[in-house]
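Novice: Supplied in structure tokens, the structure appears directly below.
Bear in mind these aren't lab numbers, they're just calculated from the coordinates by the rules spelled out. Everything numeric here is computed off the predicted structure, so don't read it as measured data. Ideal geometry is used to build each Cβ from the backbone, glycine not excepted, and the neighbour counts take in all protein chains shown.
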Amino acid sequence: MNCEKCNAVIEPGEEREHFGQVLCEDCYMDVLSPAKACDPWAVYTAKSIKDQPGAAQLNPTQENILKILEETGGVEPEILAQRLEIKPADLEREIAALRHMEKLRGEMRDGRRVVRLW
């Protein structure tokens with residue numbers, strides 16, 4: 001059986017149903033808990049704990065995102081996902097976390113959505 005969203009192969013018994021769609025676990029989690037880039041409480045929390053001992057550090061994917069944005073000056077999310085070789089849903093989660101830390105932001109350039117450094 002295949003996921004109706006990402007077409008990944010699903011082992012028998014591992015499928016999840018959501019509004020009539022058969023989904024893999026990853027797509028099911030994305031549907032139930034979508035990434036939110038604009039979350040004032042998350043921004044407040046990230047800013048208030050960033051200097052605390054043991055505060056969250058950037059993961060390798062987040063570091064690579066910031067490096068690519070520094071090199072390019074900003075890029076469309078689709079291109080960024082291709083360069084990082086990750087799924088768009090995974091990129092959205094990383095972008096949301098970096099947005100909460102005020103490390104990057106989105107903007108419109110020539111009618112295109114672009115992610116750039118803060």
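Novice: Could you list the square roots of 5 times each eigenvalue of the Cα gyration tensor of the chain, that is, the equivalent ellipsoid semi-axes, sorted largest first and rounded to whole Å?
Specialist: Semi-axis lengths for the chain are 29, 19, 13 Å.
Novice: Once you mark the GluC sites (Glu not before Pro) that are in a DSSP loop and have at most 15 other Cβ atoms within 10 Å, what is the longest gap between them in the chain?
Specialist: Result for the longest clean stretch: 15-84.
Novice: Got a sec? How would I65, I10 order by Cβ neighbour count within 10 Å, fewest to most?
Specialist: I10, I65
Novice: Tell me which residues come under 5 Å, amide H to amide H, from V22 once H is placed; ignore anything under 5 positions away on its chain.
Specialist: Sorted by chain and number, the residues that satisfy this are E4.
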